[in-house]
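Here's the structure, in structure tokens; my notes come after.
The values are calculated or read from the model by the stated rules, or taken from the named source; none is laboratory data. Computed from a predicted model, the values in this text were never measured in an experiment. Counting neighbours? That spans all protein chains shown, and the Cβs are built from the backbone with ideal geometry, glycine included. Only protein heavy atoms, including side chains, enter the accessible area calculation; ligands, DNA and RNA are left aside. Shrake-Rupley method; radii C 1.70, N 1.55, O 1.52, S 1.80 Å.
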Amino acid sequence: MLHALYLVGIAAFAASGVLAAYRANMDPFGGLVLAFAAAVSGGTLRDTILNRDPVWTHDWVLLTLIICVGVGTMIYLRFWQLPHKSLLVVDAVGLSVVTVIGARAGIEAGVTPLAVIILAVLTGVTGEVIRDVLCGEFPPLLLREDVYAIAALAGACCYLALDHLGAGATPAAAVSAGVVFALRMGAVYFGVHLPRPQQLGDRGGDAG
């Protein structure tokens, strides 16, 4: 079940890479590059930290899925209009699933609870950062949309807590991924942002 969930997250990030390439007016090759970068960067960083081979280097299903999703998304964009906020929705799906998979990998590796949370967040957000940098977007979405890494952090903490309480892997993954997705899309829908440092300074100045 977790592997199937992982494939969903990979597919979502691959699609988000193509959508980002489309917005940046890249050619099909650029779309595939971003599909791979968005899909595998987070897992590669996580596995490198855990001193093991990245999953995609020995999983042909994963690579085939990225190619198929990438090409399929390009075909869709060739004939139909890009839905409004589709990139944000697809990206939220990828973030929610991959964050949970990162947490599971940390727990299985026997690292400390804090390390589990860090690995989960890194797994979730790295692909998006790489994708945006390759698109020439700076600062990346992570640094512009505050409730992104925080959503991943909340999901990682939720998964860690449910695992500690003895919840099964599948229920814990479903609940935690739902938390990440709800927080991210809720922030998008309601336009929620954390206060910027200069805003906090302005309030302090007004109070004085």
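Within the range 153-171, track down each residue that is among the small types (Gly, Ala, Ser), surrounded by 15 or more Cβ atoms within 10 Å (Cβ to Cβ) and either more than 30 Å from Leu34 (Cα to Cα) or at pLDDT below 95 (or both). Passing the criteria: Ala167, Ala169.
Annotation note: of Ala115, Ala149, the sole residue that is hydrophobic (A, V, I, L, M, F, W, C), surrounded by fewer than 17 Cβ atoms within 10 Å (Cβ to Cβ) and free of Cβ contacts under 8 Å to residues at least 40 places away in the same chain is Ala115. Among the residues examined, Val97 does not qualify as open to solvent by 30 Å² or more (accessible area, probe 1.4 Å), aliphatic (A, V, I, L, M) and in contact (Cβ under 8 Å) with a residue 40 or more places away in the chain. Just so you know, in the range 2-29 the residues that are at negative phi and either among the polar types (S, T, N, Q) or in a loop (DSSP other than H, G, I, E, B) (or both) include one that is surrounded by the most Cβ atoms within 10 Å (Cβ to Cβ), and it is Ser16.
State whether one or more residues within the range 121-128 are under 20 Å from the mean Cα position of the chain (by Cα) and modelled with pLDDT under 90. Reasoning before the result, please.
We begin by selecting, within the range 121-128, every residue under 20 Å from the mean Cα position of the chain (by Cα); these are 121-128.
Subsequent filtering for residues that are modelled with pLDDT under 90 retains 128.
Yes, some residue in the range 121-128 is under 20 Å from the mean Cα position of the chain (by Cα) and modelled with pLDDT under 90.
Of the listed requirements (1) at positive phi; (2) under 15 Å from the mean Cα position of the chain (by Cα), Gly136 misses just one: (2).
None of Arg52, Arg78 is over 17 Å from Val98 (Cα atoms), part of a helix (DSSP H, G or I), basic (Lys, Arg) and open to solvent by 50 Å² or more (accessible area, probe 1.4 Å) except Arg78.
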